[in-house]
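The values are calculated or read from the model by the stated rules, or taken from the named source; none is laboratory data. Please read all numbers here as calculations on a predicted model, not as lab measurements. Using ideal geometry, Cβ is built from the backbone for each residue, glycine included, and neighbour counts are taken over all protein chains shown.
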Amino acid sequence: MSTPVVLDDAAAHKALNHSRAVRWSIGIGLAAMTAVGLVLLFLLAQATNNQAMYEQNYARLFVLNVVIAGLLLLVIGWIAVRLISRLRKGRFGSRLLLKLAAVFALAGFVPGLLIYVVSYQFVSRSIESWFDVKVEGALEAGLNLGRVTLETLASDLASKSRSSASQLVDVPDAIVSLPLDRVREQLGAEDVFLWNASSQLIGGTGKSRFQLNPVRPTPQQFRNARTQRAMSWIEGLDEATPGDITNARIKALVVVPNPNLGFSGELRYLQVTQALPPTLVANALAVTEANREYQERALAREGLKRMYIGTLTLSLFLAVFGAVLLAVVLGNQIVRPLLLLADGVNQVAAGDLTPKAALQGKDELGGLTRAFADMTRQLSDAREAVQSSMEQVNSARANLQTILDNLTAGVIVLDPGGVILSSNPGATRILRAPLAAFEGRRLADVGGLEEFAADIQRQFDSFLGERAEHGLEAWQHSFELGSNQPGGSAPNGDIVTLVARGAQLPDNTRLLVFDDISEIVSAQRSQAWGEVARRLAHEIKNPLTPIQLSAERLEMKLSGKVLPTEQAILTKSVKTIVDQVDAMKRLVNEFRDYARLPAAELKPVDLNALVAEVMQLYDDENAKVPVHMELDAGCPKIMGDAHQLRQVVHNLLQNAQDATESAVSAGSQPGAVVIKTQWVESSGRVRLSVLDQGCGFPENILRRAFEPYVTTKVRGTGLGLAVVKKIADEHASRVDIANRVVDGKIGGAQVSLSFAIQKTAQT
Amino acid sequence: MTDGVFLSAAIRFDLPPAVEDALLKGVPMFFVTEADLFRDRWYWADKKVVTAQRQVRLAYQPLTRRWRVTASSGASAGVAGAALSQSFDSLNEALISLQRVSRWKIAEPFEVEPGSRHNVELRFRLDVTQLPRPFQIGALGQSDWDISANTFQRLPVEPEK
């Protein structure tokens, strides 16, 4: 097997290359896009875990992913639009491509959707499960515990401070240092300050006593202390973190009771600062922090859920888009050989057997396209072979048909029931019936051929019956057509003699071949007549001379020796004998002439001169009927035997005159006989015609006018036209004999001969 | 007394329930006040002379049930970014202090071109970007979390006496 024709057409090759390049670029672009999307997705997923990175880039990544998803969506939309428009246009293969793409997309989409749904449930449940009423209650309780503890500590300090403040009641401002120290030690406080009513520091002790400007309580706090006698608060917790609790203090501000109320009017305030137990603060802060974070997350859980689900949805979109794109690209890849094949099949079905494109892939589809290209080529070869042989058959048939059409013999094909299957023009001519119009009908239905059909049927039946015994291949039989016609006006006139031969064709139909042998029969008849005439003339002529001589001798010897009456009888009888013998001699000579007409010696003859010479005998004095000459001066010399031609002219003129005379005797007034010569340029022949206005030929005579002993004349041998015919045959000239029809009735006869001219004279 | 451009303003807003809820649960909120000083230019768009920024943090301490307002100036104002803290017993007091801007120096005298007209644009908003990230996703595009004010005023700048 030769290698398959890959691509003959350079343009097609180029187009294929081009489309391949486009496909590659699209595929690479899509792959790159998908890769970028996946990387971004990965980053997004990473960022959700990695706090710092996530803080910085989350929004950016999200937007980027959305943009890529949008781009993919656009690409998919474009592809979908293209697919649908191709489908609308009924482009070949778009349905298959759509189906493949849908299958692949479904294969990508359904698992993605499943995972998505499960993950969605998982994410929302798991996020919800972080937030527990018990945990929240515990955190709340812890917070409350810390708060109550701190408050208890504060109020405890306040009440202690109040009792301590009573020690300072009578202490003047100048010597407060010692009592203050004492109070500090009693209370285990860090600092103790004494303020007067105008918020001036009177004295203080403790770690911060050396501070230039100790933190002064706010006027509000002074007011509260005055009205409530004592107040306490906690400082330093706001900025405190579990790791840094050094600033956490309880401060209490109490009014130092003044026994001399109204005397000096001066109120004094004692401020006590005590450090908070670090473990307590740390724990309380830890609880606070945990609670805050818990509450933060509880508040933000919708957002969290939205974030996770958004990430999930985005990844689903990317996966599905990627799947759809891949589906289209892969589907295209798979569909392409199929399309190529289907396209090729369509072309082949439409009759286009040009070489088909084949793919060079190593897979089965590529092999299939190659096999298809091979098959197409073989098909094309086979078809060419069939076509050429068909052409041969056709030309052979045309040859056969031409042969059949131009065959003089008639050919008819009949089926066993006698129905005409086909016939040739020869059959139509011979049978004088429009056989072509009767194709498909029975031969017996053709008018006038009923008997012929019956005869043939009989012949075939007996042939088929006997064939087995005798091993014959055909039958042959001669028929006379029209002989038994009931209405036939002339028994001899319209008989066609046929010789027919029948055989059976391989497909059980019957072949009938027949030929018109009327002319052969006629020729045979004239030949036989010639022979008879010659012998008869010979046998008759011999005794004629002794008869004549004996009669003359009788007259000579007996003349004057008998009585006058007997003399008269004698003379008359002898004359009759001599005359009749003469007539017989002439008759016999004519027979002899007809029978042994010598072969013509063809020489150039001037027909006009010859006619003029003969006409001297037919001038007005000698002629019974006037004869006019119409000679064509342009006639070239013809090839002929002058002696025989004279005979022809004589015979024709004689016939014409006889016909005219008989017309005269019939009572009409015929015109003169006309003899004319004519140069027919187109056929290159010279025509000699003799026309009369006599009684014309009867129809039955017209057919057989040239046969001997066929005559209309009372006293005629019937040899005149036979001799003319014979001479004309010798000269290879055609004789036409016809009646001149004037006003629908016969107005005379016309005999024409055409002669070949002298060739050298012409050239 | 120092010279310069001083800005006083009163901003009135009600805290949305969602924000108040978040505050009570211990989530601190950041409010940003921004002031832009423009110089009029008849031939072109106004020129931005200076931008001052001031950030206020509002937080609740559940242990002490006290509200704390911490104000810090942005570096762009030319003043050192000192933080000033105040504690309040109730949210209302804290809000009142937060809504009042008093004698905020937004530009130095040399930054102002005498004789030309100046405009001040004041912007106030809840800074959502400083919230924890999940909040942002939840708060994004929600009117509950949208606190902002914007005003534009043409002011003749007078030298301080």
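At-a-glance table
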item	result
Residue among A:ILE202, A:ILE175 that is surrounded by 14 or more Cβ atoms within 10 Å (Cβ to Cβ) and of a type in the set (A, V, I, L, M)	A:ILE202
Any pair with Cβ under 8 angstrom, 6 or more apart, that starts in the stretch A:144-158 at a residue that is facing chain B (nearest Cβ under 9 Å) and ends at one that is assigned to a helix (DSSP H, G or I)	A:GLY146/A:LEU280; A:GLY146/A:ASN283; A:GLY146/A:ALA284; A:GLY146/A:VAL287; A:GLY146/A:THR288; A:ARG147/A:ALA284; A:LEU150/A:LEU280; A:LEU150/A:ALA284
Cβ-Cβ under 7 Å pairs, at least 6 apart or on other chains, the stretch A:344-355 side under 21 Å from A:GLY366 (Cα atoms), far side part of a loop (DSSP other than H, G, I, E, B)	A:GLY344/A:LYS356; A:PRO355/A:VAL5; A:PRO355/A:ASP8
Any hit, the stretch A:728-747, residues being closer than 15 Å to A:GLN654 by Cα, in the same structural domain as A:ASP619 (by TED's automatic domain parsing) and at pLDDT below 85	no
Single condition A:ALA290 does not satisfy, out of (1) surrounded by 15 or more Cβ atoms within 10 Å (Cβ to Cβ); (2) more than 8 Å from chain B (Cβ to nearest Cβ); (3) modelled with pLDDT of 80 or more; (4) closer than 30 Å to A:ARG223 by Cα	(4)
Close pairs from the stretch A:519-537: first under 21 Å from A:ARG586 (Cα atoms), partner among the basic types (Lys, Arg), Cβ under 8 Å, at least 6 apart	A:ALA533/A:ARG592; A:ARG534/A:ARG592; A:ARG534/A:ARG596; A:ALA537/A:ARG592
Residue match in the stretch A:723-737 (condition: surrounded by fewer than 19 Cβ atoms within 10 Å (Cβ to Cβ), closer than 17 Å to A:ALA533 by Cα and in contact with a helix residue (DSSP H, G or I) (Cβ under 6 Å, 6 or more places away or on another chain))	no
Among (1) within 11 Å of chain B (Cβ to nearest Cβ); (2) touching a residue at least 12 places away in the same chain (Cβ under 8 Å), the one test that A:LEU325 misses	(1)
Of the criteria (1) assigned to a helix (DSSP H, G or I); (2) more than 14 Å from every other protein chain (Cβ to nearest Cβ), which one A:ASP352 fails	(1)
Hits in the stretch A:482-510 - residues which are modelled with pLDDT of 50 or more and small (Gly, Ala, Ser)	A:GLY482, A:SER483, A:ALA500, A:GLY502, A:ALA503
A:LEU318 being buried (at least 21 other Cβ atoms within 10 Å of the Cβ) and either within 14 Å of chain B (Cβ to nearest Cβ) or out of contact with any His (no Cβ under 7 Å at 6 or more places or on another chain) (or both)	yes
Qualifying residue in the stretch A:423-436 (condition: touching a helix residue (DSSP H, G or I) at 6+ places or on another chain (Cβ under 7 Å), at pLDDT below 85 and surrounded by fewer than 14 Cβ atoms within 10 Å (Cβ to Cβ))	yes
When residues of the stretch B:98-133 are limited to those that are under 19 Å from B:ALA59 (Cα atoms) and part of a helix (DSSP H, G or I), the one modelled with the lowest pLDDT	B:ARG133
Enumeration of residues in the stretch A:332-352 that are within 18 Å of A:ALA101 (Cβ to Cβ) and either of a type in the set (Val, Ile, Thr) or modelled with pLDDT under 75 (or both)	A:ILE334, A:VAL335
Qualifying residue in the stretch A:657-668 (condition: touching a residue at least 60 places away in the same chain (Cβ under 8 Å) and touching a Leu at 6+ places or on another chain (Cβ under 9 Å))	no
Some residue of the stretch A:117-125 being within 14 Å of chain B (Cβ to nearest Cβ), touching a residue at least 12 places away in the same chain (Cβ under 8 Å) and either assigned to a helix (DSSP H, G or I) or closer than 29 Å to B:ARG65 by Cα (or both)	yes
Test: residue in the stretch A:262-269 that is among the basic types (Lys, Arg) and either at pLDDT below 75 or not in a helix (DSSP H, G or I) (or both)	yes
Residue pairs meeting the criteria (Cβ under 7 Å; at least 6 apart or on separate chains; first farther than 9 Å from A:LEU180 by Cα and in the same structural domain as A:PRO172 (by TED's automatic domain parsing), in the stretch A:195-208; second among the aromatic types (Phe, Trp, Tyr) and at pLDDT 80 or above)	A:TRP195/A:TYR269; A:SER199/A:PHE222; A:LEU201/A:PHE193; A:LEU201/A:TRP195; A:ILE202/A:TRP195
Test: residue in the stretch A:328-341 that is β-branched (Val, Ile, Thr) and within 14 Å of chain B (Cβ to nearest Cβ)	no
Single residue of A:GLY137, A:GLY112 found to be over 29 Å from A:ILE26 (Cα atoms) and part of a helix (DSSP H, G or I)	A:GLY137
Unique residue being closer than 27 Å to B:ARG65 by Cβ and in contact with a Pro (Cβ under 9 Å, 6 or more places away or on another chain) when the list is A:LEU143, A:LEU168	A:LEU143
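Yes/no matrix, rows are residues, columns are (1) surrounded by 13 or more Cβ atoms within 10 Å (Cβ to Cβ); (2) farther than 20 Å from A:MET33 by Cα; (3) modelled with pLDDT under 75:
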| site | (1), (2), (3) |
| --- | --- |
| A:MET53 | yes, yes, yes |
| A:VAL66 | yes, no, no |
| A:VAL75 | yes, no, no |
| A:TRP78 | no, no, no |
| A:LEU83 | yes, yes, no |
| A:LEU87 | yes, yes, no |
| A:GLY93 | yes, yes, yes |
